[in-house]
Amino acid sequence: MKKVALCAAALMASATAFTQNIRLPEPQKSGGKPLMEALSQRRSARAFAAKALSDQTISNLLWAAYGFNRSNMRTAPSANNKQEFEIYVALEKGLFLYNAKDNVLELVKQEDLRAKAGKQDFVATAPLNLVYAYNTGKMADEKMAYADCGFIAQNVYLYCASEGLATVIRGFVDKDDLAKAIGLKPEYAITLSQTVGYPEN
Ligand SMILES: Cc1cc2nc3c(=O)[nH]c(=O)nc-3n(C[C@H](O)[C@H](O)[C@H](O)COP(=O)(O)O)c2cc1C
């Protein structure tokens, strides 16, 4: 009996130590600051508190960024409706891919890759970095891809402004190194990365 209890405890301990896919809570699609107030607050920040973001906040943030707001259509526009972007989410506990359909963070690597997401010091310690990568097979025109990425990033800026969060979009990224660390498929290309967290007081 004692042995069984010990085995169960060991199993539970190993299960909690192992990060898996994260099923996010339903995004909250109402509330927030009025648009003109959010625009008044929109800005870039480069100092972040170490405090983690809740799963609810991550769900809301990702839905605002690139979730579905109509059948098969997104909160961000895309040229010819290519919807060519994937969003990787680098957290301390691992690297995840945002599955907007199922509202799940799919585990890509159980590794803290935040430091690889940009060349500025705050990137490694801020709680979350988004990495924007697009499918070059779906979208051949790089300029259009960057334009599409800009809309996603601005959605994140406005969500952050509305919620009192800090963010900055960043091009100062070693994209080859980051693509390698992620294990990005060859048909994908990284455009920009965006840090999100609480402002440092
Ligand atoms: C395409 C793009 C790339 C950027 N890259 C970086 C970057 O690598 N690092 C950074 O700290 N800020 C970066 N920024 C943020 C700009 O520096 C910032 O938007 C600008 O200084 C204006 O400040 P504001 O956003 O507070 O209005 C980038 C902005 C854009 C649009």
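May I ask you to order 148-155, 20-27 by the average number of other C-beta atoms within 10 Å around their residues, highest value first?
Per-residue mean Cβ counts within 10 Å order the peptides as 148-155, 20-27.
Note down the net charge around LYS93, summing +1 for each Lys or Arg and -1 for each Asp or Glu among other residues with Cβ under 10 Å from its Cβ.
Residues close to LYS93 contribute a combined charge of -3.
Could you work out how far apart the two model spin labels at ALA147 and LYS29 are, taking each label as a point 7 Å from the Cα in the direction of the beta carbon, and quote it in nm?
Calculated label separation equals 2.7 nm.
Just round it to a whole percent: the fraction of Cα-Cα distances in the chain exceeding 29 Å.
Above the 29 Å cut-off, the chain has 24 percent of its Cα pairs.
Given the -39500 (n - 2.57) contribution per DSSP H run of 4+ residues, what per-residue ellipticity at 222 nm results for the chain, rounded to the nearest 500 deg cm²/dmol?
Calculated from helices alone, the mean residue ellipticity at 222 nm is -10500 deg cm²/dmol.
Could you calculate the FRET efficiency of ASP112 with SER44 from 1/(1 + (r/R0)^6), where r is the beta carbon distance between them and R0 is 22 Å, rounded to 0.05?
Here the calculated transfer efficiency is 0.40.
How far, in degrees from 0 to 90, does helix 142-163 lean away from the longest principal axis of the Cα atoms of the chain, to the nearest 10?
70 degrees
Which residue fluctuates most in the GNM of the chain (Cα springs below 10 Å): LEU113, LEU95, LEU39?
LEU39
Once you place label points 7 Å from the Cα toward the Cβ at THR125 and ARG70, how far apart are they in nm?
Reported label-point gap for THR125 and ARG70 is 4.5 nm.
Laboratory data are not the source of any read-out in this text; all were calculated from the coordinates shown. Note that the structure is a prediction, hence the values are computed from the model and not measured. When we count neighbours, we look across all protein chains shown, and the Cβ atoms used for this are built from the backbone with ideal geometry, even at glycine.
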